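Presented below is the structure to which this report refers.
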Amino acid sequence: MAIFLLLLLLLVSAVSGDEDAYIGVNIGTDLSDMPTPTEVVALLKAQRIRHVRLYDADQAMLLALAKTGIQVTVSVPNDQLLGIGQSNATAANWVARNIVAHVPATNITAIAVGSEVLTALPNAAPILVSALKFIHSALVASNLDDQIKVSTPHSSSIILDSFPPSQAFFNRSWDPVMVPLLKFLQSTGSYLMLNVYPYYDYMQSNGKIPLDYALFRPLPPNKEAVDANTLLHYTNVFDAVVDAAYFAMSYLNFTNIPIVVTESGWPSKGDSSEPDAIVDNANTYNSNLIKHVLNNTGTPKHPGIAVSTYIYELYNEDLRPGSDSEKNWGLFDANGIPVYTLHLTGADTVFANDTTNKTFCIAKRGADPKMLQAALDWACGPGKVDCSPLLMGHPCYEPNNVASHSTYAFNAYYQRMAKSPGTCDFKGVATITTSDPSHGSCIFPGSSRKNGTLINGTSLAPSSNDTSSARPPQSYGTGSFTTSVMIGVLLTGAVFL
């Protein structure tokens with residue numbers, strides 16, 4: 001049975017904005033070495049995660065969560081939806097077995113009925129609202145309907161013409177489902193559950209969406225996306241999609257239903273067709289998303305109203321089918337070691353693995369090896385970097401390739417120059433990261449790690465399988481190589497979508 005605990009990174013219960021947002025998690029079971037429920041809960045406690053979402057109602061997980069105070073969203077899996085949607089008695093039995101049997105010891109606060117049913121299981125769409133109503137009726141019978149809300153997660157792809165947000169609307173072929181669904185959510189005081197993936201929006205935009213816009217990176221005002229109808233400015237994809245959902249609901253005359261983002265994240269690794277699925281982008285997206293929600297920033301349409309968000313996901317799932325990125329959405333590996341270290345200045349109530357204000361300079365992925373070699377020669381020559389750790393037999397010799405050696409030299413120069421602007425460029429083959437590139441006994445300048453000890457992070461050093469070998473470190477050369485300051489971002493217009 002699939003346990004998927006989803007990092008509910010931020011849960012506000014109403015559109016009123018009266019409550020602050022907070023953070024939680026998603027856990028999948030497609031791991032070759034799945035942690036036990038007890039180990040999962042221990043990690044949640046260590047990371048101070050107080051809200052979780054399960055993709056089912058796994059009994060062992062619910063028991064492990066008992067008496068922890070952690071707020072739990074459980075789910076009706078898609079393969080159980082037809083039975084529940086066709087039988088009030090089946091729904092009542094499900095609630096008795098999976099909810100009533102566990103409360104109040106386990107703090108269950110919501111039930112997600114199915115997952116992306118309209119797009120993933122369209123044949124079940126006609127009974128979706130019935131399933132929600134039957135589940136809710138069973139909660140009413142047990143006097144649990146005030147404590148536990150009922151909803152169903154949707155893919156954001158059900159929203160058409162999502163930019164400008166003011167013109168967005170739900171796919172009209174689903175109006176026979178969406179209208180009664182929204183009536184149900186409104187009458188029960190529940191919320192629209194929406195899965196928002198700026199990564200996929202960016203990947204499918206054919207270059208129209210800038211990476212910085214997808215990652216919440218700061219944009220100058222003249223580069224923000226502007227809704228020409230409302231004149232609202234959008235600085236990131238996430239807000240634009242959420243507001244598109246608000247406008248789509250208002251198109252159907254529903255204006256007071258809050259939104260909870262039930263899935264959002266960024267993969268830390270991908271295959272050759274996914275060059276932006278890297279650790280630094282995953283760290284940037286999730287760190288910025290967490291800060292964005294915890295600050296109660298809201299969206300341009302609803303400023304100051306926090307949007308509850310489940311970050312996808314807690315663990316990397318090495319057994320998931322599909323591309324490499326499908327296996328690498330997690331914040332931790334199966335042993336509870338962070339894939340990367342989030343920086344959450346001002347958000348110290350969650351995630352103990354924070355290293356604030358740590359930045360490093362690394363070689364850009366896919367950079368020209370000849371340009372890397374020239375930059376390496378300059379850094380270890382005229383740049384006056386101590387490159388002795390790169391010599392054979394020294395801690396940073398392996399992996400012996402130009403990308404790995406360049407990363408060490410670039411960072412050493414960047415740290416020696418006190419991280420001054422323009423000191424991490426090297427003619428465009430270097431970039432700044434917030435993830436510590438130290439690995440094994442190779443400790444990079446600026447790192448807080450101890451020799452040979454992994455502390456809350458992951459190595460950015462290129463693999464020893466990298467085929468681009470470095471010249472012997474003793475032969476750095478003396479040719480001139482100057483750095484240049486990188487200014488601004490490559491944006492071509494104000495409206496990206």
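Read-outs throughout are calculated quantities, based only on the coordinates presented, and are distinct from any laboratory measurement. Predicted model, so just to flag it, every value in this text is computed and none were measured. Methodologically, a virtual Cβ is constructed for each residue, glycine included, from the backbone with ideal geometry; neighbour enumeration extends over all protein chains shown.
Miscellaneous remarks
- Taking 7 Å steps out from each Cα toward its Cβ at Gln147 and Asn400 produces label points 6.4 nm apart.
- Cα pair distances in the range 236-391, grouped into 5 Å bins until the bin that holds the longest one, percent each: 2, 7, 13, 15, 14, 13, 13, 10, 5, 4, 2, 1, 1, 0
- With both labels modelled 7 Å from their Cα along Cα-to-Cβ, the Arg97 to Ser173 distance reads 3.4 nm.
- Integer Hz, Karplus 6.51/-1.76/1.60 couplings in order for the range 322-331, x for Gly and Pro: x, 5, 4, 5, 4, 8, 9, 9, x, 8
- Residues whose amide H comes within less than 5 Å of that of Val76, counting only those at least five positions distant or on another chain, are Ala112, Val113, Gly114 (H built at 1.01 Å from N in the peptide plane).
- Efficiency of FRET between Ser420 and Thr230 - r from beta-carbon atoms, R0 51 angstrom, step 0.05: 0.80
- Radius of gyration, Dmax [the range 19-332; alpha carbons; angstrom]: 19.1, 58
- Amide H within-cut-off set for Ser308, under 5 Å, with H built and near neighbours excluded: Val12, Val261
- Cβ-defined net charge surrounding Ala92, 14 Å radius [Lys, Arg +1; Asp, Glu -1]: +1
- Pairs spanning more than 27 Å between alpha-carbon atoms, out of Lys67/Lys269; Lys208/Lys427; Lys291/Lys419; Lys45/Lys301; Lys67/Lys301; Lys208/Lys370: Lys67/Lys269; Lys45/Lys301; Lys67/Lys301; Lys208/Lys370.
- Under-5 Å amide H pairs with Lys427, H placed in peptide plane, nonlocal only: Ser484
- Computed 3J(HN,Hα) for the range 367-378, one whole-Hz value per residue from the Karplus formula 6.51 cos²θ - 1.76 cosθ + 1.60 where θ = phi - 60°, is 5, 4, x, 5, 5, 4, 5, 5, 5, 4, 4, 5, glycine and proline marked x.
- Kirkwood hydrodynamic radius of the range 360-433, from the reciprocal of the average inverse Cα-Cα distance over all distinct pairs: 11.9 Å.
- Range of Cα positions in the range 153-306 per principal axis (Å), largest first: 44, 33, 29
- Computed extension length for Leu391-Ser273: 39.1 nm, one decimal, from 0.36 nm per residue of separation with the Cα-Cα distance subtracted.
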